[in-house]
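The structure appears right after this line, and notes come after that.
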Amino acid sequence: MKLKKLKNYKFLFFINFIILSIFFTHNVTACSDIKFAKKDIFIESHNNNQKIKFKVEIADTDLKRKTGLQCRTKMELNEGMLFIWKTEDFRNFWMKNTFIPLDIIFINKAYKIVDIFYNAKPYSLKSISSKKKAKYVLELNEGVFDTYRFDLKDRIIVNK
């Protein structure tokens, strides 16, 4: 009887191991297989008319938006990711599997910055929600937004 129980435990352990292996392998592969188009955008300050250029990856599909910057270990100073939806709505983000601390900038359909979440912590499962409706969300390295002294009411310019 003990031998049969031991075999059952070994079998269950083996099945669980296979399921977990598939799950973790899929997560790593999903992060590395996605190709994001790159585009230049500018953030324009309403206070001093300065325009700062950023090279961003475009997340404009469900899969790309769900993946985002997960699994990235670094990002250059003036790089980021621009999330795009067809309509404005309240947006929710989290930092699961995201290694880089980020500033998350919410932008309306008129390209005006309507909300900012500073210093999103890596790996956090805390929900980050916009206070106003947004059509675009820009993720930049933590501190970059403040370094250039941007704020609410500034806008982005997207080269077509």
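The values are calculated or read from the model by the stated rules, or taken from the named source; none is laboratory data. Note that the coordinates shown come from a computational prediction; the quantities given were computed from them, not determined experimentally. Cβ placement follows ideal geometry from the backbone for every residue including glycine, while neighbour counts extend to all protein chains displayed.
A few comments on the model shown:
- Of the criteria (1) assigned to a strand (DSSP E or B); (2) out of contact with any helix residue (DSSP H, G or I) (no Cβ under 9 Å at 6 or more places or on another chain), which one LEU152 fails: (1)
- Of everything listed in (1) without any contact (Cβ under 8 Å) to a residue 24 or more places away in the chain; (2) within 13 Å of LEU138 (Cβ to Cβ), the single unmet condition for THR61 is (2).
- Check on ILE58, surrounded by 14 or more Cβ atoms within 10 Å (Cβ to Cβ) and modelled with pLDDT of 95 or more: yes
- Qualifying positions in the range 103-149 - of a type in the set (D, E, K, R), farther than 21 Å from MET75 by Cβ and not in a strand (DSSP E or B): LYS109, LYS131, LYS132, LYS133
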